[in-house]
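The values are calculated or read from the model by the stated rules, or taken from the named source; none is laboratory data. Bear in mind the structure is a predicted one, so any value in this text is a computation, not a measurement. Here Cβ is always computed from backbone atoms with ideal geometry, including for glycine, and neighbour counts include all displayed protein chains. To get the accessible areas, we keep the full protein, side chains included, count just its heavy atoms, and leave off ligands, DNA and RNA. Shrake-Rupley method; radii C 1.70, N 1.55, O 1.52, S 1.80 Å.
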Amino acid sequence: AIHAGAFHGVPALYLARHGEPHAIAPHRINYRANLRALADLGATHVVALNTVGGIAPAAAPGSLWLAHDAIDYTWGREGSFHDGVLLALDHVEFAEPFDAGMRELLGAAAAAVRVLLHPRAVYGCTQGPRLETAAEVRRLARDGCDLVGMTALPEAALARELGLRYGMLAMVVNRAAGLSPEPITLAAIRREAAACLAQVDATLERLVALHDASTIAAVIVEPVAG
């Protein structure tokens, strides 16, 4: 379901990408349907809230990050509208997978409310739903990944194809496998995500104040997992 309403006075759509209740595994999410529905309902901008594992030394639980680049390790997902079947084949430019303007706005909003938001990170997207092995995390680190999650791709690519300005605000909820001093549990992930939400809400409230409210239909994508 997509919930329509207002977020601090701005027309907004809210989508829980894993469903309500949280039940859809990352590799089974119908990313094309989600993004197409948001666009059809008038969305122009997307703020994606993602819980992630921290790989970079500074990516401690409770920290917030703006991803600027990504590596896709997933497979078998429907990753394009322009696949030669649904729509004519096309090759969309994707050198910067997260919209620079949205990243600038999110950074300015966080600074205005004194929320520490790390401005750059490479996000590695894995298949899930299982968490990564320690060896896989070491490979991600060698590849240059700072964060690891399971849902930003193909989500960001589909948003680009639809002309949606997509920015991702990542909440670190655990150190990645092999870097965590304790076993990673879903209960601990949810606790850390909940602890981040006050800072996230303050940032988003300031974001809509900074932007022209007549042109933005903010889409808040749920922050429980992935």
Does segment 71-80 contain at least one residue that is open to solvent by 40 Å² or more (accessible area, probe 1.4 Å), under 30 Å from ALA134 (Cβ atoms), part of a strand (DSSP E or B) and modelled with pLDDT of 95 or more?
-> yes
Which of the residues spanning segment 81-130 are closer than 18 Å to THR51 by Cα, part of a loop (DSSP other than H, G, I, E, B) and of a type in the set (Lys, Arg)?
-> ARG120, ARG130
From (1) open to solvent by 80 Å² or more (accessible area, probe 1.4 Å); (2) in a helix (DSSP H, G or I); (3) touching a Leu at 6+ places or on another chain (Cβ under 9 Å), pick out the condition that doesn't hold for ARG138.
-> (3)
Enumeration of residues in segment 52-93 that are touching a Lys or Arg at 6+ places or on another chain (Cβ under 6 Å) and within 22 Å of ASP143 (Cα to Cα) | GLY54, LEU66, HIS68
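Residue-wise test of (1) touching an Asp or Glu at 6+ places or on another chain (Cβ under 7 Å); (2) touching a residue at least 12 places away in the same chain (Cβ under 8 Å); (3) among the hydrophobic types (A, V, I, L, M, F, W, C).
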position: GLY149; (1), (2), (3): no, yes, no
position: LEU153; (1), (2), (3): yes, yes, yes
position: ALA159; (1), (2), (3): no, yes, yes
position: LEU164; (1), (2), (3): no, yes, yes
position: ALA170; (1), (2), (3): no, yes, yes
position: LEU179; (1), (2), (3): no, yes, yes
position: GLU182; (1), (2), (3): no, no, no
position: ALA195; (1), (2), (3): no, yes, yes
position: ALA202; (1), (2), (3): no, yes, yes
Of ALA202, ALA209, ALA170, the only residue that is over 15 Å from the mean Cα position of the chain (by Cα) and open to solvent by less than 40 Å² (accessible area, probe 1.4 Å) is ALA202
For segment 146-167, name all the residues that are open to solvent by less than 10 Å² (accessible area, probe 1.4 Å) and assigned to a strand (DSSP E or B).
-> LEU147, VAL148, GLY149, TYR166, GLY167
List the number of the failed condition for ALA111; all other conditions in (1) small (Gly, Ala, Ser); (2) open to solvent by 60 Å² or more (accessible area, probe 1.4 Å); (3) within 24 Å of ARG175 (Cβ to Cβ) hold.
-> (3)
Got a number for residues in segment 109-161 being over 21 Å from ALA58 (Cβ atoms) and not β-branched (Val, Ile, Thr)?
-> 16
